[in-house]
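Trainee: A single structure is presented below for examination.
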Amino acid sequence: MPVTSNTRNRVVAVPARQQRYNTLDKKIKGLGLRVTPQGRKIWFLQVMHDGKRHYRTLGEMPAMSEIAAREAARDLLVQIKIDGVATPTMRRDKIFAHVAEVVFRRHGQRWKPRTLQVNRANAGIILTSVLIALAFGR
């Protein structure tokens, strides 16, 4: 499979062939564009995690641009890393909670017990305010 930098102009100019084929993106490992003989261009993500192959269709050109495909691929890669499962969407609060837990495990050993307790409480407050802001579009 050829690996290219999938820019808007390049994706639009990709020709249809007699056989379907894939081109992979240089920027995000596993992100690719499948081109069918009928000329359809479909974004997909293919990744291995814990010995399992995950293949997910992200969307179709022109409804999904290369920028939107990269963003969707990043979100899906994070979700696979956290859950080991790829579903279409992932809740942002789950990502935040996972990242916070990783930080607490990494740095919590060096903190005093009270500092760890305060930092965990503050993470909850920050998460709540972020969710409220997202819900009301602020």
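Trainee: If Val85 satisfies every condition in (1) under 30 Å from His49 (Cα atoms); (2) modelled with pLDDT of 80 or more but one, which is the exception?
Mentor: The failed condition is (2).
Trainee: Is there a residue being modelled with pLDDT under 80, not in a loop (DSSP other than H, G, I, E, B) and not aromatic (Phe, Trp, Tyr) anywhere in region 15-31?
Mentor: no
Trainee: Does at least one position in region 110-125 carry a residue that is within 25 Å of Leu31 (Cβ to Cβ) and modelled with pLDDT under 80?
Mentor: No, that holds for no residue.
Trainee: Given the condition surrounded by 12 or more Cβ atoms within 10 Å (Cβ to Cβ), in the same structural domain as Leu33 (by TED's automatic domain parsing) and at pLDDT 75 or above, answer yes or no: does some residue in region 49-56 qualify?
Mentor: Yes, because at least one residue in region 49-56 is surrounded by 12 or more Cβ atoms within 10 Å (Cβ to Cβ), in the same structural domain as Leu33 (by TED's automatic domain parsing) and at pLDDT 75 or above.
The values are calculated or read from the model by the stated rules, or taken from the named source; none is laboratory data. Bear in mind that the values here come from a model prediction, so they are computed numbers and not experimental data. Glycine also receives a Cβ, built like all others from the backbone with ideal geometry; neighbour counts cover every protein chain displayed.
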